[in-house]
1. Hey, what do the phi angles of the range A:24-36 turn into as Karplus ³J(HN,Hα) couplings, whole Hz, using 6.51/-1.76/1.60 and θ = phi - 60°, x for Gly and Pro?
2. Using just the helices of chain B, give the 222 nm mean residue ellipticity in deg cm²/dmol: DSSP H runs with n ≥ 4 each add -39,500 (n - 2.57), and the total is spread over all residues, rounded to 500.
3. Please give the helix B:98-107 orientation as an angle from the longest Cα principal axis of chain B, in degrees from 0 to 90, rounded to the nearest 10.
4. Return a whole-number percent for the relative contact order of the range A:81-171, with Cα pairs under 8 Å and 6 or more residues apart as the contact set.
5. Provide a whole-number value for the mean count of partner chain Cβ atoms within 10 Å of the Cβ atoms in peptide B:156-168.
6. Have a look at B:V49, B:V203, B:V28 and tell me which one the Gaussian network model of chain B (Cα, springs below 10 Å) gives the largest fluctuation.
7. Could you give each residue of the range B:23-32 its phi-based ³J(HN,Hα) in whole Hz, using Karplus coefficients 6.51, -1.76, 1.60 with θ = phi - 60°, and x for Gly or Pro?
8. Over all directions, what mean area does the Cα convex hull of the range B:116-186 project, stated in square nanometres?
Amino acid sequence: MTLTIPALRARSARRRRRRPLAVSLAVAFLILLTVAGLLAPVLAPHSPDATSLLNSLLPPGAGEHWLGTDSTGRDVLSRIMYGARLSLLAPLGVVLLSGVLGIAIGLLAARAGGWADAVISRGMDIVFAFPSLLLAMLVVAVTGPGLTAPICALAVSYTPFVGRVVRSVAIQEGARPYMESYRVMGFGVLWVTLRHLLPNVMPVLIAQSALAFGYALVDLASLSYLGLGVRPPDADWGSMISQARSAILQGEPWSGLLPGLVVLLTVVSVNVLGEHIGGSIAGKREGS
Amino acid sequence: MRVLAKKTPARREAPDGGAGDRRDALGVSGLSLTLGTGVPLLADVTVRVGRGETVGLVGESGSGKSLTARTALGMLPRGARATGEVTVADVDVLAAGRRRLRELRRTRASMIFQDPRASINPVRRIGDYLTEGLRARGVPARAVAGRALELLDQVGIRDPGGALRCFPHEFSGGMLQRVVIAGALSTEPELLLADEPTTALDVTTQAEVIALLKDMQRAHGTGMLFVTHDLDLAAAICDRVYVMYAGRIVEESTGSGLFGAPAHPYTRALLEASPSVHGDRVAIRAIAGRPRSLADSPTGCSFRDRCPLAGDDCAETVPAHRPHGQSLAACLRPGQVTP
């Protein structure tokens, strides 16, 4: 008695399926930003710190400053490019740190159950209830400005964000029969958790991390805006917006609007991409 | 069916033909299980599966069939306490430590579940499933891929190489159950616990899977505990059948005797409640009342409140198993049922 596998054809068909335009655009934009940040010293038309009071607050398209200049005459395009380094890396750090912490705590709570779960969950609720910006500001107040402290503080306050989702998915997934079937095959709890439970938690985690990336970017920009993050003259999108305050009041909004637009587009792109990755991993298991 | 009379000699055929001293694949005696909250789940369950024997465990949902099978591998519900004796291939399961249990599950006893789709991690390929199991069971890394192919071939899957690269969702339920069976029998275990292995499959696939199971079992001399609520199936393939009700074994009978001469009123009632394609048309009779769990069953015989034959004496003690025809029935009036 033999059986054939009709599935092989279906699979190659799926490979040809095109990804949505929005995802392609998002990926393109993020690649563009990454390249711009990495190659800023080569690509940037001007030095990000070169001031020129004669050329201050130029609108976009004016002469050799494609995106105009800010109130001290620094080239906005160059500053956005250099700023991409910190503005992308710092939220990435937050996401990775909070992801690792959240996975560990969430899985522990889900697998331990009972009072350990209760203690961990209430602990997460408490951290969750504490405003992340406030925590970051407190930490900065203690350690002085700089990026390391706010990254760690934000990572801690984002941990419950990840941990709660991981916990709930892990509980749900851990109750499925295949968990038991691997135990019955003689695998230990830790092995099954890391090798079989964790991969099944990943789709949700990736989608969640993309959201967290957006929040972290905005939070870090807010900290910079408040003057607590990046120290001037280092470029960073948040601090660019912050420094454009007075210019905006003078009716010259470009030097603030453009970095703001970049923040917006980045957050949207990351969300679109995260959603897509999460969705396609989930789709694979549902058999679409 | 192109199934393996593989190189391994069937273990049950001891070279000296010795019968008496063969240890059982599974021996459960006097097993009682209580949750941490004091809710009883199983009481005084005794089940024996010899080498190469197929033993059925039938009963309604919630009667404790699966629980009994799981206990054989030491998979107790959280916080449950078990008393009695459970031995699988000479390992005292209830006393065994974690390491010993894992060793047992890895090499000597396997379990297959109702829904194969639910019992394989959906995000891993079939090949990963098999090789992971094989590696854990001590097959050297070099030999793993070949062995996996061999196993798939044995359970009748064409193009095993392609199958290894497939994801579970690309397989039908029946094929997936074959994969699971291949994995479960890869170590030639002494005991195979089959927890309703065909319930999720359609009837023709069911027949094929059963045939495959029996063939594999014959080839390896594996003892099989077949948990099901399909009475016809149990009677057809099992050497002996245990009937469970409310966490207790109420009847033990031979496979054929189950239909021929049911001794316990519950068994009789179950048979009357299931339709048959043979013989005259008979009205199907439901059993009055609702199934009880052990926790809320009456004193004495658990089936007392639904039994047409029950008398005052049934309330006094839980009836002992007494022989009746080919059966052992836990009833004071075995075989007195008038249809």
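1. 4, 4, 4, 4, 4, 5, 5, 4, 4, 4, 4, 4, 4
2. Computed mean residue ellipticity for chain B: -8500 deg cm²/dmol.
3. The helix B:98-107 is inclined about 70 degrees to chain B.
4. 47 percent
5. Whole-number average of other-chain Cβ neighbours for B:156-168 is 3.
6. Result for chain B, Cα springs under 10 Å: B:V203 fluctuates most.
7. 6, 7, 6, 9, x, 10, 9, x, 6, 10
8. 4.0 nm²
Coordinate-derived values only; no laboratory data. For clarity, every value in this text was computed on a predicted model and none was experimentally measured. Cβ coordinates were reconstructed from backbone atoms using ideal geometry, including for glycine residues, and neighbour counts include every protein chain displayed.
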